Amino acid sequence: MNRAVAGTPSAEVVLRSLLRQTEPRTRSELYVACELSRPTVFGAIERLEALGLAAPLAQRSGLPGRTATL
């Protein structure tokens with residue numbers, strides 16, 4: 001994948017992880033799967049959303065903690 005498309009190496013890692021998923025994942029699930037820091041993954045997701053390469057699909061609630069965006 002061309003880094004110019006994803007924007008940064010960390011965004012490329014996150015995008016590759018997203019493309020491998022068969023179900024929507026929360027940001028927290030992605031940061032565990034990518035083995036990057038939480039701020040790095042969250043920033044990469046914001047970058048991918050700004051580029052139109054990722055978008056929130058839904059929100060998951062009913063679990064302890066904050067409502068998660070999928």
List every residue pair whose Cβ atoms sit under 7 Å apart, with the two residues 6 or more apart in sequence or on different chains, where the first one lies in region 30-54 and is in contact (Cβ under 8 Å) with a residue 40 or more places away in the chain and closer than 12 Å to L18 by Cα and the second, anywhere, is buried (at least 18 other Cβ atoms within 10 Å of the Cβ) and among the charged types (D, E, K, R).
none
Just checking, which of V32, V5 is at pLDDT 85 or above and open to solvent by 60 Å² or more (accessible area, probe 1.4 Å)?
V32
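The values are calculated or read from the model by the stated rules, or taken from the named source; none is laboratory data. All of these numbers come straight from a predicted model, not from anything done at the bench. Quick reminder, even Gly has a Cβ in these numbers, built from the backbone with ideal geometry, and neighbours come from all protein chains shown. Just the protein is used for accessible areas: all its heavy atoms, side chains included, with ligands, DNA and RNA removed. Shrake-Rupley method; radii C 1.70, N 1.55, O 1.52, S 1.80 Å.
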